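Structure record follows, encoded as structure tokens.
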Amino acid sequence: MELSDRLFVAVPAPPSVISTAESWVLRLKDQLTFAKWVHPQDLHLTLQFLGDVERDRIERIAQAIGQAAAGAAPFSLHFQGLGVFGKPSAPSVLWAGVQGEVEKLGQLQSRVEDAMKTLGFAAENRPYKPHLTLARKFTGPAGSHAAMLDVALPDEWHTPWRVKETVLYRSRLGSRPMYERLASFPLG
């Protein structure tokens, strides 16, 4: 029996984004050929990836995240534009950009990272770049994704929403949706 879980801390996407994601992706799949599309229920803004963690540490981790979240006030975000990570000819990730009170999202991410550092989790060694991962592994003709980045996001995604919580998720590889909420922590 597995006594560890793959964990990460994130801000879940709002219901308005989740509810429109599936129909939007269905319209896009012809133009944007990616191997794996993120399940609408799995859309999130990662704050910190923790990796494989022994289950007996989860309670302590949850307490630390709760304290970090309690010290951050709710804030407002919306999504704007598409982008990619990876090789320009064959990107590894398609994402939606984040706008609004992004500096407050960055502060929340720092609070979570600091809380996790005290428990022995290393911080990322690159600057935090918040994004909403939509798909992975481009499979179309080399470079053909460039034009697709002009595709408009659904109107609902541009509407500002309040970030009021952060969530500790467990990955269940091979399941759809793949991410399970273990605990959520209100901000402020």
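The values are calculated or read from the model by the stated rules, or taken from the named source; none is laboratory data. Note that the structure is a prediction, hence the values are computed from the model and not measured. FYI the Cβ positions are ideal-geometry reconstructions off the backbone, even for glycines, and counts take in every protein chain you see. We work out accessible area using only protein heavy atoms, side chains counted, and drop any ligands, DNA or RNA first. Shrake-Rupley method; radii C 1.70, N 1.55, O 1.52, S 1.80 Å.
Looking at (1) open to solvent by less than 10 Å² (accessible area, probe 1.4 Å); (2) modelled with pLDDT of 95 or more; (3) in contact with a His (Cβ under 9 Å, 6 or more places away or on another chain), which one does residue 53 not meet, given that it meets all the others?
So residue 53 meets the others, but not (3).
What are the pairs with Cβ atoms under 9 angstrom where one residue, in region 28-57, is assigned to a loop (DSSP other than H, G, I, E, B) and the other, located anywhere, is among the small types (Gly, Ala, Ser) and open to solvent by 30 Å² or more (accessible area, probe 1.4 Å)? Sequence gap at least six, or different chains.
31/147; 33/144
Mind checking which residues of region 157-180 are closer than 14 Å to residue 40 by Cα and either outside any loop (DSSP other than H, G, I, E, B) or of a type outside the set (A, V, I, L, M) (or both)? Outline the logic, then answer.
Restricting attention to region 157-180, the residues satisfying the condition of being closer than 14 Å to residue 40 by Cα are 157, 175-180.
Of everything in region 157-180, those that are closer than 14 Å to residue 40 by Cα and either outside any loop (DSSP other than H, G, I, E, B) or of a type outside the set (A, V, I, L, M) (or both) turn out to be 157, 175, 176, 177, 179, 180.
When the residues of region 28-42 are filtered to those that are under 19 Å from residue 175 (Cα atoms) and in contact with a Ser or Thr (Cβ under 8 Å, 6 or more places away or on another chain), which remaining residue is most open to solvent (accessible area, probe 1.4 Å)?
Looking at residues that are under 19 Å from residue 175 (Cα atoms) and in contact with a Ser or Thr (Cβ under 8 Å, 6 or more places away or on another chain), I get 35.
Out of curiosity, is residue 82 under 15 Å from the mean Cα position of the chain (by Cα), in a strand (DSSP E or B) and either modelled with pLDDT of 95 or more or over 21 Å from residue 17 (Cα atoms) (or both)? So that I can check it myself, show each step before the final result.
Details: under 15 Å from the mean Cα position of the chain (by Cα): yes; in a strand (DSSP E or B): yes; either modelled with pLDDT of 95 or more or over 21 Å from residue 17 (Cα atoms) (or both): no.
In short, no.
Would it be correct to say that residue 185 is modelled with pLDDT of 85 or more, among the aromatic types (Phe, Trp, Tyr) and within 17 Å of the chain's Cα centre (by Cα)?
On the way: modelled with pLDDT of 85 or more: yes; among the aromatic types (Phe, Trp, Tyr): yes; within 17 Å of the chain's Cα centre (by Cα): yes.
In short, yes.
Is there a residue in region 141-157 that is among the hydroxyl-bearing types (Ser, Thr, Tyr) and open to solvent by 60 Å² or more (accessible area, probe 1.4 Å)? Before you say what the answer is, go through the steps one by one.
Step one: filter region 141-157 for residues among the hydroxyl-bearing types (Ser, Thr, Tyr), giving 144.
When the remaining residues are screened for being open to solvent by 60 Å² or more (accessible area, probe 1.4 Å), the result is none.
No: zero hits.
Name the residue that is most open to solvent (accessible area, probe 1.4 Å), counting only residues in region 11-27 that are assigned to a helix (DSSP H, G or I) and among the hydrophobic types (A, V, I, L, M, F, W, C). First the steps, then the outcome.
In the first step, residues of region 11-27 are kept if they are assigned to a helix (DSSP H, G or I); the result is 15-27.
So of that shortlist, the ones also among the hydrophobic types (A, V, I, L, M, F, W, C) come out as 17-18, 21, 24-26.
Values: 17: 1, 18: 36, 21: 5, 24: 7, 25: 21, 26: 114 Å².
Within region 11-27, the match that is most open to solvent (accessible area, probe 1.4 Å) is 26.
Restricting to region 166-179, what's the tally of residues that are surrounded by 14 or more Cβ atoms within 10 Å (Cβ to Cβ), over 26 Å from residue 82 (Cβ atoms) and not basic (Lys, Arg)? Quick ask: steps written out before the conclusion?
Just the residues of region 166-179 that are surrounded by 14 or more Cβ atoms within 10 Å (Cβ to Cβ), to begin with: 166-171, 178-179.
If we keep only those that are over 26 Å from residue 82 (Cβ atoms) as well, we get 168, 170.
Filter once more, so that each one left must be not basic (Lys, Arg): 168.
The qualifying residues number 1.
On the given criteria, is residue 101 closer than 19 Å to residue 162 by Cβ and open to solvent by 20 Å² or more (accessible area, probe 1.4 Å)?
yes
Among what's in region 104-127 and is more than 20 Å from residue 52 (Cα to Cα) and of a type in the set (A, V, I, L, M), pick the residue that is surrounded by the fewest Cβ atoms within 10 Å (Cβ to Cβ). Give the derivation first.
Step one: of region 104-127, the residues more than 20 Å from residue 52 (Cα to Cα) are 104-108, 110-111, 126-127.
Those still in the list that are of a type in the set (A, V, I, L, M) too: 105, 108.
On the way: 105: 21, 108: 25.
Only one residue tops the list, namely 105.
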